[in-house]
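Here, each number is a calculation from the coordinates, and none is a lab measurement. Model, not experiment: these values are computed from the prediction. For neighbour counting, all protein chains shown are included, and Cβ atoms are generated from backbone atoms with ideal geometry for every residue, glycine included.
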Amino acid sequence: MQPENTDFGKAFEHLIFQEVIAYLSYSEKDKDLYYWRTTRGYEVDMILGEGEVAIEIKSSREIVSRHTKGLKAFKEDFPEARLIIVSLEEQPRLVNEVEVYPAMQFLKMLWNGEII
């Protein structure tokens, strides 16, 4: 399966979701996990806690400005939120004040308690 494949994208998103769910369970963190969408069509894949962390999952090798739109809209309602994109990029970086992490680095940070 290639990263450009729709099935790959769904599987990648599912993997990250399952890891976050497992982490919240094993760490006994009492944090809500939910999806966010506006009437204008902006959405974010995963919200942790009371809007503390917003995570978008992209099976892309290069994150560009348009990938941050949902997160930036979320930030308008939750100005203190930490904004993260999990992707297939090779190096972590910032895009429009959004933290972009390669999937493996994100998972290591998650299990080290560095995400929430």
Among residues of the range 19-67, those that are charged (D, E, K, R), touching a Lys or Arg at 6+ places or on another chain (Cβ under 8 Å) and in a loop (DSSP other than H, G, I, E, B), counted: 1
Candidate set from the range 1-32 (those that are in contact with a Leu (Cβ under 6 Å, 6 or more places away or on another chain) and not hydroxyl-bearing (S, T, Y)); member that is nearest to F74 (Cα to Cα): K31
Residue count, the range 34-66 (criterion: without any contact (Cβ under 8 Å) to a residue 40 or more places away in the chain and out of contact with any strand residue (DSSP E or B) (no Cβ under 6 Å at 6 or more places or on another chain)): 12
Residue match in the range 7-18 (condition: touching a residue at least 60 places away in the same chain (Cβ under 8 Å) and polar (S, T, N, Q)): no
Test: residue in the range 13-31 that is more than 17 Å from I85 (Cβ to Cβ), in contact with a strand residue (DSSP E or B) (Cβ under 8 Å, 6 or more places away or on another chain) and surrounded by 15 or more Cβ atoms within 10 Å (Cβ to Cβ): yes
